[in-house]
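Q: One structure, pasted below without further comment.
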Amino acid sequence: MAAAVLEVSNVLVAEFTAPPLHYSCASSPAPTAFTNLTSQLACEAHRATLQGVQQDVECQHFVFNTTVFASTVTADLELVCERSWYRSLHQMVLTLGCTVGALTGGVFTDLLGRQRSLFYGALLMTTFTLVVASAPSLLVLLPARFLLGVSMHLVLNPAITMGNAYFGLKLL
């Protein structure tokens with residue numbers, strides 16, 4: 001039950017940290033005219049004058065509509081056009097980490113004990129949360145999200161067990 005709540009909260013967090021955003025090409029003639037993310041209009045080549053010659057140029061940098069979300073992974077790392085699939089990978093990596101953590105959390109709890117496992121898991125979870133929040137690139141963000149998922153279940157397993165032992169609760 002608690003694991004399901006944790007997973008649902010992670011999916012919701014990903015919807016706010018890497019949402020689909022309206023954007024336009026920063027170098028297009030009208031960079032403030034936001035287009036729909038699914039239309040791919042901002043990704044297509046546009047006419048630009050380079051060194052006095054009119055050429056078709058693909059968009060390299062984007063302007064994002066920040067009226068709803070001021071800062072997101074989508075905008076910060078420009079996860080649009082051919083990079084839009086990284087948004088899905090962003091969530092999948094965390095879910096895989098949670099799966100690995102759920103499968104290995106009991107082993108670490110048996111090896112370290114409940115209190116140490118809870119302490120070290122919380123320390124790792126805090127560390128990876130800070131790394132995720134300040135990740136400058138996908139090469140840092142994706143492994144940190146995976147390790148965050150692992151550490152979340154390193155905390156969850158002993159926390160549920162200790163809560164049951166302390167309060168005498170019967171959870172599913």
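The values are calculated or read from the model by the stated rules, or taken from the named source; none is laboratory data. Bear in mind the structure is a predicted one, so any value in this text is a computation, not a measurement. Because the Cβ atoms are built from the backbone with ideal geometry, glycine has one as well, and the counts that use them run over all protein chains shown.
Q: Quick check on the stretch 154-170. Is at least one of its residues outside any helix (DSSP H, G or I), exposed (fewer than 12 other Cβ atoms within 10 Å of the Cβ), modelled with pLDDT under 90 and at negative phi?
A: Yes, the conditions are met somewhere in the stretch 154-170.
Q: What are the residues in the stretch 64-92 that are buried (at least 19 other Cβ atoms within 10 Å of the Cβ) and touching a Phe, Trp or Tyr at 6+ places or on another chain (Cβ under 9 Å), if any?
A: Phe64, Thr72, Val73, Thr74, Ala75, Leu79, Val80
Q: Please verify whether Thr104 is buried (at least 18 other Cβ atoms within 10 Å of the Cβ), out of contact with any Phe, Trp or Tyr (no Cβ under 8 Å at 6 or more places or on another chain), among the polar types (S, T, N, Q) and in a helix (DSSP H, G or I), treating the condition exactly as stated.
A: no
Q: When you go through (1) in contact (Cβ under 8 Å) with a residue 12 or more places away in the chain; (2) loosely packed, with under 14 Cβ neighbours inside 10 Å; (3) small (Gly, Ala, Ser) one by one for Ser134, which number turns out not to apply?
A: All conditions pass for Ser134, except number (1).
Q: Of all residues in the stretch 88-109, which are of a type in the set (S, T, N, Q) and within 12 Å of the chain's Cα centre (by Cα)?
A: Selection gives Ser88, Gln91, Thr95.
Q: Return the pairs, sorted by first residue and then second, in which the second residue is of a type in the set (S, T, N, Q) and assigned to a helix (DSSP H, G or I), the first residue lies in the stretch 78-97 and is touching a residue at least 60 places away in the same chain (Cβ under 8 Å), the beta carbons are less than 7 Å apart, and the residues are 6+ apart or on different chains.
A: Arg87/Thr74; Leu94/Asn10
Q: Those residues that are of a type in the set (Ser, Thr, Tyr) and modelled with pLDDT under 70, I need them from the stretch 49-68; list them, please.
A: Thr49, the sole residue that qualifies.
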